[in-house]
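Worksheet: the structure to be examined is printed underneath.
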Amino acid sequence: MSEEMKSCIEEAEKALLHTYNRYQLVLEKGQGVNLYDMDGKEYLDFCSGIAVFALGYGNKEYNDALKAQIDKLIHTSNYFYNQPAIEAAKKLKEISGMDRVFFTNSGAEAIEGAIKAARKYAYNKDGKTDHEIIAMEHSFHGRTMGALSVTGNPHYREAFEPMIGNIKWAKLNDLESVKAQITDKTCAIILETVQGEGGIYPASKEFLEGVRALCDERDMLLILDEIQCGMGRTGYYFAWQKYGIKPDILTAAKALGCGVPVGAFLLNEKAGSNSLVAGDHGTTYGGNPLACAAICKVLEIFEKDHILENVRTVSAYLEEELDKLAAEQKNIKDRRGAGLMQGLEFDGPVAGIIQKAMDKGLILINAGSNILRFLPPLVISKEHVDAMMKILRECL
Ligand SMILES: *Cc1c(COP(=O)(O)O)cnc(C)c1O
């Protein structure tokens with residue numbers, strides 16, 4: 001590492017609140033599926049900023065659209081309408097089949113909005129304020145107080161108690177565990193269609209159908225968090241679209257703006273017209289023209305460049321290659337995931353493998369201490385998979 005980069009990192013550790021144990025890398029620029037640190041070293045990126053940069057770096061069309069919007073209008077206020085927000089909402093409705101959109105600035109804020117909508121929906125029915133939400137163990141929904149309250153990692157929550165309260169815990173893919181938590185007060189069930197931070201666990205078709213049926217029977221709202229697994233990552237715009245079920249509320253963020261901070265929660269007509277009304281919820285930045293211009297361009301490029309088709313083709317190949325590797329290596333216990341969201345579970349910590357890969361110019365991250373997580377840009381090709389596998393093999 002150059003003295004320059006070393007001193008840059010020292011400066012960072014003096015100025016930034018130490019809430020991350022960061023890798024010893026200062027990233028400076030990106031092109032396609034490659035990142036470059038300030039010493040000019042090239043990295044093949046299989047993290048994409050945690051499932052954000054779906055289109056790869058330096059996409060000219062995307063960059064030009066943002067530059068044009070900056071010159072036109074960056075921000076208004078939600079007191080007014082703006083064209084990019086209208087266009088982005090229309091497009092999101094089309095790809096999701098949902099009916100109403102609320103734009104946020106992050107994933108956690110989308111979860112906050114979803115929780116408020118669910119509580120308001122139940123409140124409108126019985127006027128009570130003691131409603132419960134069922135969430136999953138090992139889930140991750142974000143770091144703000146409401147999102148943290150439904151995040152199934154006690155370690156993340158402990159120091160910040162009390163949480164928002166009335167949260168019950170069930171196990172993903174165990175319908176009986178969900179049924180056991182249902183009471184007359186339950187207003188919603190929240191889960192990630194594919195658990196990300198918790199270790200790349202896809203919800204099964206049977207489980208999703210079961211949870212959907214329970215929600216229908218008792219008029220509870222199903223909230224699917226697609227912040228990580230949505231926006232094409234599994235080969236569908238949203239992972240639930242593979243299963244023929246639909247949520248009442250959907251959350252999206254991460255790849256939604258492909259780098260511009262933006263999130264959204266979307267509601268079906270039932271939830272949308274019986275929950276939040278004027279005065280109930282708001283945000284200053286949410287849905288501003290710059291963020292929404294990003295969404296519009298992202299969705300346009302997804303369609304034009306057939307991103308979903310690419311994910312399906314390349315992810316089938318990635319799965320095959322990872323399965324081969326898992327069969328060769330005794331210390332790999334499992335390969336699981338959906339599309340270009342894959343995990344390899346090892347019998348011990350993967351931090352050493354990640355560091356070795358980084359030294360060899362490959363960026364990978366973990367999901368829990370024992371799971372290697374693969375979240376490449378959605379524009380990768382089989383050749384990139386081959387290049388990644390070659391380095392990974394060397395590291396093992
Ligand atoms: C990242 C993530 C969040 C939180 O999003 P932020 O933008 O970091 O607030 C919520 N849910 C899931 C599934 C995520 O992966």
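The values are calculated or read from the model by the stated rules, or taken from the named source; none is laboratory data. Please read all numbers here as calculations on a predicted model, not as lab measurements. Methodologically, a virtual Cβ is constructed for each residue, glycine included, from the backbone with ideal geometry; neighbour enumeration extends over all protein chains shown. Ligands, DNA and RNA are excluded from the accessible area calculation, which covers all protein heavy atoms including side chains. Shrake-Rupley method; radii C 1.70, N 1.55, O 1.52, S 1.80 Å.
Kindly provide the set of residues from region 141-153 that are near the ligand (Cβ under 10 Å from one of its atoms) and open to solvent by 40 Å² or more (accessible area, probe 1.4 Å), ordered by number.
Residues satisfying the conditions are ARG143, THR144.
Within region 1-29, track down each residue that is part of a strand (DSSP E or B) and loosely packed, with under 10 Cβ neighbours inside 10 Å.
Of everything in region 1-29, nothing turns out to be part of a strand (DSSP E or B) and loosely packed, with under 10 Cβ neighbours inside 10 Å.
Tell me yes or no: at least one residue of region 221-239 is without any contact (Cβ under 8 Å) to a residue 60 or more places away in the chain and farther than 28 Å from ASP334 by Cα. Full working, then the answer.
Keep residues of region 221-239 that are without any contact (Cβ under 8 Å) to a residue 60 or more places away in the chain, which gives 222, 224, 226, 230.
Among the residues that remain, those that are also farther than 28 Å from ASP334 by Cα are: 222.
Yes - at least one qualifying residue is present in region 221-239.
Are any of the residues in region 98-121 open to solvent by less than 50 Å² (accessible area, probe 1.4 Å), part of a loop (DSSP other than H, G, I, E, B) and on the phi > 0 side of the Ramachandran plot?
No, region 98-121 contains no residue that is open to solvent by less than 50 Å² (accessible area, probe 1.4 Å), part of a loop (DSSP other than H, G, I, E, B) and on the phi > 0 side of the Ramachandran plot.
For region 233-261, which positions are charged (D, E, K, R), closer than 22 Å to ILE115 by Cβ and either away from the ligand (no atom under 12 Å from the Cβ) or not in a helix (DSSP H, G or I) (or both)? Give the derivation first.
So the first thing to find is which residues in region 233-261 are charged (D, E, K, R), and the list is 233, 242, 246, 248, 254.
Checking which are closer than 22 Å to ILE115 by Cβ leaves us with 246, 248, 254.
Answer for region 233-261, where residues must be charged (D, E, K, R), closer than 22 Å to ILE115 by Cβ and either away from the ligand (no atom under 12 Å from the Cβ) or not in a helix (DSSP H, G or I) (or both): LYS246, ASP248.
Among the listed residues GLU94, GLU132, identify the single one that is surrounded by 13 or more Cβ atoms within 10 Å (Cβ to Cβ), under 25 Å from TRP240 (Cβ atoms) and more than 16 Å from the ligand (Cβ to nearest atom).
On the way: GLU94 fails: surrounded by 13 or more Cβ atoms within 10 Å (Cβ to Cβ).
The unique qualifying residue is GLU132.
Please specify each residue of region 338-367 satisfying the condition of being in contact (Cβ under 8 Å) with a residue 40 or more places away in the chain and within 16 Å of the chain's Cα centre (by Cα).
Selection gives ALA338, GLY339, LEU340, MET341, GLN342, GLY343, ILE365, ALA367.
So which residues in region 240-293 are buried (at least 20 other Cβ atoms within 10 Å of the Cβ) and among the aromatic types (Phe, Trp, Tyr)?
Scanning region 240-293 gives TRP240, PHE265.
State which residue is farthest from the ligand (Cβ to nearest atom) when the search covers only region 165-179 and only residues that are open to solvent by 10 Å² or more (accessible area, probe 1.4 Å) and part of a strand (DSSP E or B).
Going through region 165-179, the residues open to solvent by 10 Å² or more (accessible area, probe 1.4 Å) turn out to be 165-169, 171-177, 179.
Imposing the further condition that a residue be part of a strand (DSSP E or B) reduces the set to 167-169.
Details: ILE167: 15, LYS168: 19, TRP169: 17 Å.
Among those residues, the one meeting the criterion is LYS168.
Within the group GLY107, GLY49, which residue is touching a Ser or Thr at 6+ places or on another chain (Cβ under 8 Å), at pLDDT 95 or above and either closer than 30 Å to GLY146 by Cβ or away from the ligand (no atom under 16 Å from the Cβ) (or both)?
Numbers: GLY49 fails: touching a Ser or Thr at 6+ places or on another chain (Cβ under 8 Å).
So the residue among GLY107, GLY49 that is touching a Ser or Thr at 6+ places or on another chain (Cβ under 8 Å), at pLDDT 95 or above and either closer than 30 Å to GLY146 by Cβ or away from the ligand (no atom under 16 Å from the Cβ) (or both) is GLY107.
Find the residue count for region 180-209, including only residues that are more than 12 Å from the ligand (Cβ to nearest atom) and open to solvent by 10 Å² or more (accessible area, probe 1.4 Å).
Of the residues in that region, 12 qualify.
Every residue, every condition in (1) within 16 Å of the ligand (Cβ to nearest atom); (2) assigned to a helix (DSSP H, G or I); (3) β-branched (Val, Ile, Thr), yes or no:
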site: MET231; (1), (2), (3): yes, no, no
site: PHE265; (1), (2), (3): yes, no, no
site: ALA278; (1), (2), (3): no, no, no
site: THR283; (1), (2), (3): yes, no, yes
site: ALA294; (1), (2), (3): yes, yes, no
site: VAL298; (1), (2), (3): yes, yes, yes
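Suppose we filter region 30-62 for residues that are open to solvent by 30 Å² or more (accessible area, probe 1.4 Å) and over 22 Å from the mean Cα position of the chain (by Cα); how many remain?
Of the residues in region 30-62, 9 are open to solvent by 30 Å² or more (accessible area, probe 1.4 Å) and over 22 Å from the mean Cα position of the chain (by Cα).
What residue, of LEU308, LEU364, is touching a Leu at 6+ places or on another chain (Cβ under 7 Å) and either within 21 Å of TYR201 (Cβ to Cβ) or among the hydrophobic types (A, V, I, L, M, F, W, C) (or both)?
Details: LEU308 fails: touching a Leu at 6+ places or on another chain (Cβ under 7 Å).
After applying the criteria, what remains is LEU364.
May I ask you to list the residues in region 301-351 that are assigned to a helix (DSSP H, G or I) and within 12 Å of ILE371 (Cα to Cα)?
Here is the first cut: in region 301-351, the ones assigned to a helix (DSSP H, G or I) are 301-304, 307-328, 351.
ALA351, the sole residue that qualifies.
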